[in-house]
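The values are calculated or read from the model by the stated rules, or taken from the named source; none is laboratory data. Nothing here was measured: the structure is a model prediction, and the numbers come from that model. Note that each Cβ is placed from the backbone with ideal geometry, even for glycine, and that neighbours are counted across all protein chains shown. We work out accessible area using only protein heavy atoms, side chains counted, and drop any ligands, DNA or RNA first. Shrake-Rupley method; radii C 1.70, N 1.55, O 1.52, S 1.80 Å.
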Amino acid sequence: QVQLVESGGGLVQAGGSLRLSCAASGSIFDIRINAMGWYRQAPGKQRELVATITSGGRIKYADSVKGRFTISRDNARNTVALQMSSLKPEDTAVYYCAAAPVLSDSASRIRGSWGQGTQVTVSS
């Protein structure tokens, strides 16, 4: 089992930037083979994919964040980061780090590990 801890959330004005980080611990083998990614959940909405990165570096973004968010992974440090720029009020949500052999678009189908979540609030 892999344990995940997020950091870096907070309050920012529209147009601003934030960087989220997720540190993984546990089985090094499991960490290295897992895809890792970020999902978010706004009040009253389902948890949705933001960005994912496979162990081989293949990246996927939600259409709503393309060109504004950048996901990166440091396998030596067992971390994954999400650089968020040009933030909009609609980006306000709790952001969750996830790790699993496969990360699907549907959060409910993921069989892996989740972090506790970090709040991102974008004011207009």
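Using a Debye calculation, one point per C-alpha and no hydration shell, please list log10 I(q)/I(0) for the stretch 70-122 at q = 0.13 Å⁻¹ in order.
The Cα Debye sum returns log10 ratios of -0.39.
On the protein heavy atoms, probe 1.4 angstrom, tell me the percent of accessible surface of the chain carried by carbon and sulfur.
Answer for the chain: carbon and sulfur cover 49 percent of the accessible area.
Accessible area per residue for the chain in Å², computed with a 1.4 Å probe and the full protein assembly in place, what is it?
Accessible area per residue: 52 Å².
Could you quote the convex hull projected area for the stretch 1-52, Cα atoms only and averaged over all directions, in nm²?
The Cα convex hull of the stretch 1-52, projected and averaged over all directions, gives 4.7 nm².
Could you tell me what a quarter of the Cα convex hull surface of the stretch 28-93 works out to, in nm² with one decimal place?
The Cα convex hull of the stretch 28-93, projected and averaged over all directions, gives 4.9 nm².
So for the chain, averaging the separation of alpha carbon pairs under 8 Å that are six or more residues apart and normalising by length, what relative contact order in percent results?
Contact order relative to length: 36 percent.
What base-10 log of the normalised intensity I(q)/I(0) is obtained for the chain from the Debye formula, alpha carbons as equal point scatterers, at q = 0.14, 0.17, 0.19, 0.23 Å⁻¹?
-0.52, -0.77, -0.97, -1.40
Along Cα→Cβ, 7 Å out, is where each label goes; now give me the distance between the ones at Phe29 and Val102 in nm to one decimal.
Modelled inter-label distance: 2.1 nm.
From the helices alone, meaning DSSP H stretches of at least four residues, give me the mean residue ellipticity at 222 nm for the chain, per-run term -39500 (n - 2.57), in deg cm²/dmol to the nearest 500.
-1000 deg cm²/dmol
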